[in-house]
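Shown next, in structure tokens, is the structure this report addresses.
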Amino acid sequence: MTIAVIGRGPIGSAAARHLARAGHAVLLIGPAEPADKAAHTGVFASHWDEGRITRALDPDSYWSAVSRASIARYAQIEAESGIGFFTESGAMIAAPAGSDYMRRVADVQAEAGIVAETLRGAELAARFPCFAFPPGIETRFEARGAGHVNPRRMVAAQTEAARRAGAVVVAATALRLETGATGVDVITDAGDFHADRVLVANGGWANTLLPQPLPLAVYARTIAFFALDPDEVAALGDMPTLVYRTPGGDVPYLLPPIRYPDGRMYVKIGGDPDDRPLASTDAVADWFRSGGSADVGAYQRDLIAGLMPGLNTARMHTEACVTVFTPEDRPAIRRLDARMSVAVAGCGRGAKCADELGRIAAGVVTA
């Protein structure tokens, strides 16, 4: 059976690998990253970045389970492709002690048997002096099997592993799908391709191809980057990733120093104070080209200055990203008809668990 996977992002590339390893003929279709995003007029992707948090702990047992399943296969994917993408820096979740959020994290930890230390007060400050939490904060720290993935390299690894398993990678943008008696024609800007079945896995662009739109919410996100000198990088050598539910209810996340394509090392912070919906693909493209919100960047600078008072925040820039959510806060992975399936919506957590979401999607499209 020939299966066309539309979307060369984390979920699509993972599904292509699983499908190809199962013996199917696979077309993995999607454009390459543009050299100049500001001038780009095609589709965009949020995985064009160097750092995403990965961890087993989560206040939601579903997201913990799919993350654990994916993390367990990182080494296999790296070996199959020859491309490394996982850095075991450790990962921390922090929230007010006794809060519902931290109780749910503790419940998931106990249920799944996740190994993590509980740190608070003076012990926390001594262990991770880079952070300055207010009084009353409790943390759970995973030292093993957690840290960050490079989403660009993860997608490259999944794509290369799929190619080595027999998949054909097509650098093209799908424009429309035409279903007929013998299958589906994928009309792209580089020609037409025929498949028995199609898996639409192109994130915030999915509704441009689906016969009936899904109830997807696409939100604008701003990410702030702080450039570091070598001595600053050395001082943060043991910094883990962090997801922090503040006493006020905000949920910023931080990544330790990571090298970006410009050769510089950056600490990154994300987490917008409000959801800003993007109602059309034109709005999504305009947002990606914008470089993010200056107001949100200022908010993030204030957050990180309070949380990491030793960090030099003078050299900052912002970039734009999007997240795709469903009403159920679960990925939309389902069969739409005899020939078409969909796998979209990482709900802000999709990178770390994309391999498991792609495996599930592969099972759905071939059922």
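Looking across ILE269, ILE258, one residue alone is out of contact with any Ser or Thr (no Cβ under 6 Å at 6 or more places or on another chain) and within 22 Å of TYR219 (Cα to Cα). It is ILE269.
Quickly run through segment 99-115 and pick out the residues that are within 22 Å of the chain's Cα centre (by Cα), among the hydrophobic types (A, V, I, L, M, F, W, C) and in a helix (DSSP H, G or I). Correct list: VAL105, VAL108. Considering VAL66, VAL43, VAL26, the condition of being of a type outside the set (Phe, Trp, Tyr), assigned to a helix (DSSP H, G or I), crowded, with 20+ Cβ neighbours inside 10 Å and touching a residue at least 60 places away in the same chain (Cβ under 8 Å) is satisfied by VAL66 alone. When each of LEU27, LEU57 is tested for being more than 24 Å from ASP262 (Cβ to Cβ) and in the same structural domain as THR188 (by TED's automatic domain parsing), the lone residue that passes is LEU27. Would you say GLY297 is surrounded by 13 or more Cβ atoms within 10 Å (Cβ to Cβ), modelled with pLDDT of 95 or more and in contact with a Lys or Arg (Cβ under 9 Å, 6 or more places away or on another chain)? Here the answer is no, as GLY297 does not meet what is asked. Among residues of segment 344-367 being farther than 22 Å from ARG55 by Cα and among the aliphatic types (A, V, I, L, M), the one that is surrounded by the most Cβ atoms within 10 Å (Cβ to Cβ) is VAL365. Of all residues in segment 62-121, those satisfying the criterion of being hydroxyl-bearing (Ser, Thr, Tyr) and under 18 Å from GLY348 (Cβ atoms) are TYR62, SER64, SER67, SER70, TYR101. Every condition in (1) under 16 Å from the mean Cα position of the chain (by Cα); (2) not in a helix (DSSP H, G or I) holds for ASN312 except the one numbered (1).
The residues in segment 145-168 that are in a strand (DSSP E or B) and either surrounded by 17 or more Cβ atoms within 10 Å (Cβ to Cβ) or hydroxyl-bearing (Ser, Thr, Tyr) (or both) can be counted, and the count is 3. Selection over segment 49-94 of residues that are more than 16 Å from the chain's Cα centre (by Cα), within 16 Å of THR159 (Cβ to Cβ) and hydrophobic (A, V, I, L, M, F, W, C) gives a count of 3. Would you call ILE11 surrounded by 18 or more Cβ atoms within 10 Å (Cβ to Cβ) and assigned by TED's automatic domain parsing to the domain that holds ARG359? The answer is yes for ILE11.
Kindly establish whether VAL251 is among the β-branched types (Val, Ile, Thr), closer than 21 Å to ALA305 by Cβ and outside any strand (DSSP E or B).
yes
The values are calculated or read from the model by the stated rules, or taken from the named source; none is laboratory data. What you see is a predicted model; the values in this text were computed from it and never measured. Here Cβ is always computed from backbone atoms with ideal geometry, including for glycine, and neighbour counts include all displayed protein chains.
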